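Report on one structure; see the data block that follows.
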Amino acid sequence: MRKALRKYLFVAAICLCTALTMAPVHAKAAGKVKNPAIVRLKPGKTYTKYDITGDKKKDKIKITLGKRDESDFIKRITVSVNGKKIVKKGIGSFYYKTSLVTLKNGKVYLWVKSSSEDADDTWGCLYQYRKGKLEKKLKFDGYVKKYYYHLSTDVVKVSGNTLTVKQSNMTSPLGEAVYKYDYKYENGKFHIVSRTAAIVKASYSYRTKSSWGTLKNNKMLYTSPSTSKSTGVAVTAGTKAKTTNIYMCDKFISVKIKTADGKTGWLKCSKKFDESKLLFKECFYAG
């Protein structure tokens, strides 16, 4: 009786040990990595929980910054993926930020941002890891550089296969403007959803401490960003209004406003940096 009991307990112990040993291996083989939509990768730290290759398996990832030169600038970064090193060179930058960006369709990108000492972007791209290389898939450099300067970009949100990007720069009609663009992935690449960007903030807000400002000159309201067709409504200098959208293309720049009494429309804007042509009395240029 005792021999039979000991034999039974021995066999049970063997079965339990086998189960405990095998269970984690089975779970690892069956499980798939699901990245957060956006996850920051800090330089110098090794990450082993995320997928950068797009195969839904854990990868070993490390970002290493180059040495600072005599001007305190960094001119290259090294991206290590599963032991393979990829060196990317750029112009001298004071600050770097790298993040993994993952869409709903499973495509994974490495966002690289670098800035000067004035916080202006010197590098802003999405890369995709393919066959041991980082391929550039989207460059965040705005659209019409002659209309602005001091550009800074951040990827702030992923919704399905769409990226929401917040940009800040010094524009000709508003001084500093902060606005958002959406980029949608379809047919194998990213497309901007609309060049009509939603304005988050403009320079006049720093002085008025609100979303409202005071129009500087008499203006006509137009039905669309092209300002080719008038609404028939004129607004006078001194009217209280707020900005809602900005549109920039190769030919023109325009801003949509809403007045305190509910009128809405697009304003034709100057392409030149001229303080007399700023849209609001409280707007200003800086830097």
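Laboratory data are not the source of any read-out in this text; all were calculated from the coordinates shown. Note that this is a predicted model, so its numbers are computed, not measured. We place every Cβ from the backbone using ideal geometry, glycine too, and count neighbours over all the protein chains shown.
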Open item on the list: Can you find, among Ser194, Gly213, Val178, the residue sitting farthest towards the positive end of the charge dipole of region 163-220, where Lys and Arg contribute +1 and Asp and Glu -1 at Cβ?
Closed with: Gly213
Task: Residue of Asp59, Asp118, Asp182 that the Gaussian network model of the chain assigns the largest fluctuation, springs spanning Cα pairs under 10 Å - done: Asp118
Open item on the list: Between region 232-287 and region 90-115, how far is it from one alpha carbon centroid to the other, in angstrom?
Closed with: 33 Å
TODO: Please list the radius of gyration and Dmax for region 84-207, considering alpha-carbon atoms only, with Å as the unit.
DONE: 15.2, 52
- [ ] Determine the dipole magnitude for the chain: charges of +1 sit on the beta-carbon of Lys and Arg, -1 on that of Asp and Glu, nothing else is charged, the reference point is the Cα centre, and the result goes in debye to the nearest 20.
- [x] 1520 debye
Task: Entry for mean projected area of the Cα convex hull in nm² (calculated from the structure that is shown) out of (i) 20.6; (ii) 15.7; (iii) 23.7 - done: (iii)
Task: Listed residues Ala286, Thr227, Tyr129: farthest to the positive end of the dipole of the chain (Cβ charges) - done: Tyr129
Task: Förster radius 25 Å - calculated FRET efficiency between Ser270 and Asp118 (Cβ-Cβ, nearest 0.05) - done: 0.55
Task: Virtual paramagnetic centre 7 Å along Cα→Cβ of Lys42, amide N under 15 Å, in region 158-178 - done: none
Task: Extreme residue, positive dipole direction of the chain, given options Val155, Leu110, Cys269 (C-beta unit charges) - done: Leu110
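About the Cα centre of region 61-190, what is the dipole size in debye to 20, counting +1 per Lys and Arg Cβ and -1 per Asp and Glu Cβ, all else neutral?
Taking the Cα centre of region 61-190 as origin, the dipole is about 940 debye.
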Task: Rounded D (µm²/s) - region 143-287, Kirkwood Rh over Cα pairs, Stokes-Einstein at 25 °C, 0.890 mPa s - done: 157 µm²/s
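How large is the dipole of region 102-256 about the Cα centre if only Lys and Arg carry +1 and Asp and Glu carry -1, each at its Cβ, rounded to the nearest 20 debye? Can you show the working numbers first?
Details: 27 positive and 11 negative charges, 86 e Å.
Value, rounded to 20: 420 debye.
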TODO: Assuming R0 = 22 Å, can you tell me the calculated FRET efficiency for the pair Lys107 and Lys133, based on Cβ-Cβ distance, to the nearest 0.05?
DONE: 0.90
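What's the extension gain from Ser211 to Ser159 if we count 0.36 nm per residue and subtract their Cα-Cα distance?
Working: separation 52, 0.36 × 52 = 18.72 nm, distance 2.67 nm.
Length difference between fully extended and current span is 16.0 nm.
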